[in-house]
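J.: What follows is a structure written as structure tokens; I'll ask about it next.
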Amino acid sequence: QIIATGGGLPCFHENMNQLLQKGVVIYLEMTSLDLYKRVKNDTHRPLLANESNLQQKIENLLELRASTYCQATLCIQANKPVEELVKEIVRQIDSI
């Protein structure tokens, strides 16, 4: 079973610890610029709504969340085609 959380979910309460107890946690790491390109026209992200400097807001969030994200079982660079990303995830899970 795969659960895709929002970026902030692991950062609150004991969520990251609970996720780690339940299974493998994978952080799909992206640069702030890549994230900006992905969400700049998305109107369904309340935390990013009405930001005058959206890329700076994303950079700030990544910095604030870094200590939580690095606790993931696997950290995988996500700046690749989906097929390659899936192969990388499977390869790394197989090595656990």
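Throughout, read-outs are computed from the coordinates displayed, never taken from laboratory work. Note that the coordinates shown come from a computational prediction; the quantities given were computed from them, not determined experimentally. Neighbour counts are summed over all protein chains in view; Cβ atoms, including those assigned to glycine, are modelled from backbone coordinates with ideal geometry.
J.: On a straight-distance basis, which aspartates and glutamates could pair with LYS87 in a cross-link, Cα separation under 19 angstrom, same-chain partners fewer than 8 positions away excluded?
T.: GLU29
J.: Could you work out how far apart the two model spin labels at GLN21 and LYS80 are, taking each label as a point 7 Å from the Cα in the direction of the beta carbon, and quote it in nm?
T.: Placing both labels 7 Å along Cα→Cβ, they lie 3.3 nm apart.
J.: How much length is gained on full extension from LYS57 to GLN71, taking 0.36 nm per residue of separation minus their Cα-Cα distance?
T.: Numbers: separation 14, 0.36 × 14 = 5.04 nm, distance 2.22 nm.
Roughly 2.8 nm would be gained on extension.
J.: Report, in deg cm²/dmol and to the nearest 500, the calculated mean residue ellipticity at 222 nm for the chain, where each DSSP H run with n ≥ 4 adds -39500 (n - 2.57) and the sum is divided by the residue count. Walk me through the numbers before you get to the answer.
T.: Values: 4 runs with 45 residues, N = 96.
Taking each H run of at least 4 residues, the total per residue is -14500 deg cm²/dmol.
J.: Still on this structure, I have one more. Would you list, by chain and number, the lysines whose Cα falls below 21 Å from the Cα of LYS57, excluding same-chain residues fewer than 8 positions away?
T.: Excluding near neighbours in sequence, the set is LYS37, LYS40.
J.: To the nearest 0.05, what FRET efficiency results for LYS87 and LEU9 with a Förster distance of 25 Å applied to their C-beta separation?
T.: Numbers: r = 26 Å, r/R0 = 1.04.
The calculated FRET efficiency here is 0.45.
J.: Then there's this: When the chain is fully extended, how far beyond the present Cα-Cα distance does MET30 get from ASP94, taking 0.36 nm per residue of separation? Intermediate results must be reported in sequence, preceding the final value.
T.: On the way: separation 64, 0.36 × 64 = 23.04 nm, distance 2.25 nm.
That works out to 20.8 nm of additional length.
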